[in-house]
């Protein structure tokens, strides 16, 4: 259609726009389309007002006199047959749930791959934070002689977990806020169900969190000098991986339960304060008042630090000077922090339960809430 609402072509496109190209090539004076040229670009060039003036033709008039226009007129004159049945579908969506999920996952994977400002930034931030903490706490993990040495090691864990987690939570807000607007439009068009989109969105975060976790362990573990064993290394990787998923999914949840990103940022600040104060680092678990202990259990960071510190030192029989008294490291970890080595199985379950719960809430609320005002 050209300026003024006059039609210059109405018909089938053909494979790779072959029918359209053939139609316009039959018009005298129209230049051939060069190799590797986008058909849309070529069409815009030859149908412009300046091109029409140069050729001395009226493309709208040519179309009006063509067989394509005559066929359209004939079809309109025939009208709709009284025997024609309305198109109906037995299902609401054109594709099955599995096909919807695969399409959403493919789209999200491609979208993330083309978004280095989000993914590359958080990966580089993980590398930077790990290197800084590794330099600050160089080979401190095995030099445990006093309670302060143990506090320093826990400080390295706390710094990495909190900083990288908060960075992931903050950066994912912008990404999901943009994706949510697209989701609203596509859901209205009944392209796919909300669960297909939400499951794809949840799964696409996993590979990037996996890369971050591996980089963290590979860089930080040898620099700080943690104990090398398959069990202890895996625990460190598992705790960091769950941490990143928890913060990612919580950021995603904040976006879908709030009308805009500004409200999400406000709630995010309150969440950071809660996980910081009740993480068990600033105030150890035994020192938290009983009427606030439930906040400690709700804080995912407290479980992460529990898993990291207990897996490293919860079985250590070495004696250290703790507040002027000789104590086994394992006993001090249990008495001062409230971390029990025989509770690691429970900690592992809780750590994976947090991201599953947050991902489920994200899937539920994105399907139920709609803040679009248009």
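Just so it is clear, none of the values below were taken in a lab; they were calculated from the coordinates. Quick caveat: nothing in here was measured; it's all calculated off a predicted structure. Positions of Cβ are generated from backbone atoms using ideal geometry, with glycine treated the same way; all protein chains shown enter the neighbour counts.
For this structure, a couple of remarks:
- Angle between the chain longest axis and helix 261-277 axis [Cα atoms, degrees, rounded to 10]: 20
- For the chain, the relative contact order is 17 percent, taking Cα pairs closer than 8 Å that sit 6 or more residues apart in sequence and dividing their mean separation by the residue count.
- Degrees between helix 67-78 axis and first principal axis of the chain (Cα, 0 to 90, nearest 10): 90
- Distance (nanometres) between label positions extended 7 Å along Cα→Cβ at residue 3 and residue 36: 3.3
- Nearest-ten-degree value, helix 194-224 long axis tilted from longest Cα axis of the chain: 40
- Gyration tensor verdict on region 221-297 (Cα atoms; rounded if a/c is under 1.5, prolate if a/b is larger than b/c, oblate otherwise): oblate
- Gap separating the Cα centres of region 253-302 and region 1-72, nearest whole Å: 62
- Cα gyration tensor shape for region 15-74, rounded if a/c is under 1.5, else prolate or oblate: oblate
- Cα gyration tensor, region 101-241 - rounded (a/c under 1.5), prolate or oblate: prolate
- With contributions of -39500 (n - 2.57) from each DSSP H run of at least four residues, the per-residue ellipticity at 222 nm computed over the chain stands at -22000 deg cm²/dmol.
- Distance between modelled label sites at residue 267 and residue 102, nm, 7 Å Cα→Cβ extension: 3.5
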